[in-house]
1. Report yes if residue 55 is in contact with a helix residue (DSSP H, G or I) (Cβ under 7 Å, 6 or more places away or on another chain), modelled with pLDDT of 85 or more and more than 22 Å from residue 113 (Cα to Cα), otherwise no.
2. Tell me, which helices (runs of 4 or more DSSP H) lie completely within segment 1-64 with 3 or more residues that are within 12 Å of the chain's Cα centre (by Cα) and touching a residue at least 12 places away in the same chain (Cβ under 8 Å)?
3. Starting from residues that are charged (D, E, K, R) and within 15 Å of residue 90 (Cα to Cα), keep the ones in segment 113-131 and report whichever is modelled with the lowest pLDDT.
4. I'd like to check something: does segment 19-36 contain any residue that is modelled with pLDDT under 95, of a type in the set (Phe, Trp, Tyr) and closer than 25 Å to residue 122 by Cβ?
5. Have a look at 58, 46 and point out the one that is buried (at least 17 other Cβ atoms within 10 Å of the Cβ), within 25 Å of residue 126 (Cα to Cα) and not assigned by TED's automatic domain parsing to the domain that holds residue 101.
6. Return yes when residue 110 is acidic (Asp, Glu), surrounded by 10 or more Cβ atoms within 10 Å (Cβ to Cβ) and modelled with pLDDT of 85 or more and no when it is not.
Amino acid sequence: MESIGQRITKARERLDMNQKELCQKTGIKESTLSRYENDIREPKASTLLTIAETLNVSFDYLMGVSDDFESFHHEDDTDEELELEKILENTEKKLSREGLSFYGKPVTKEDIDKLLTAIKVGISVMDSNKK
């Protein structure tokens, strides 16, 4: 299974983009991107989302949940499909797939539950900040 760093590199090279160009578009330092791509350091979720958007790939692809480069956003998506609850539900389904691994290690049900809880907490914090 490819690492996050390998997937960033692969997606960047697919667009014939060098590290410097990606850094200019994302605001990430070149040394930091190099550490990500060489698996010395792991990007925060927000940084990974920025990279995914810039490289026009899905967050799921960079995380290794999906092998599909396809970007999360589609022009034909309806507002309903983009609701956070639907996204969370779809994420849970993808994470529950048999044989899912992270950095070559199998992901347990407990790992999935922790990740989903973290996402729900993030949504809750975001929601409370809007009020």
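1. On the way: in contact with a helix residue (DSSP H, G or I) (Cβ under 7 Å, 6 or more places away or on another chain): yes; modelled with pLDDT of 85 or more: yes; more than 22 Å from residue 113 (Cα to Cα): yes.
Considered against the rule, which asks whether it is in contact with a helix residue (DSSP H, G or I) (Cβ under 7 Å, 6 or more places away or on another chain), modelled with pLDDT of 85 or more and more than 22 Å from residue 113 (Cα to Cα), residue 55 comes out as yes.
2. So the answer is 4-14, 45-55, 59-63.
3. The residue in question is 120.
4. No: segment 19-36 contains no residue that is modelled with pLDDT under 95, of a type in the set (Phe, Trp, Tyr) and closer than 25 Å to residue 122 by Cβ.
5. Only one candidate passes the filter, namely 58.
6. Details: acidic (Asp, Glu): yes; surrounded by 10 or more Cβ atoms within 10 Å (Cβ to Cβ): no; modelled with pLDDT of 85 or more: yes.
No, not satisfied.
The values are calculated or read from the model by the stated rules, or taken from the named source; none is laboratory data. Treat the numbers as computed from the prediction; the structure is a model and nothing was measured. Please note: Cβ atoms are built from the backbone with ideal geometry, for glycine as well, and neighbour counts cover all protein chains shown.
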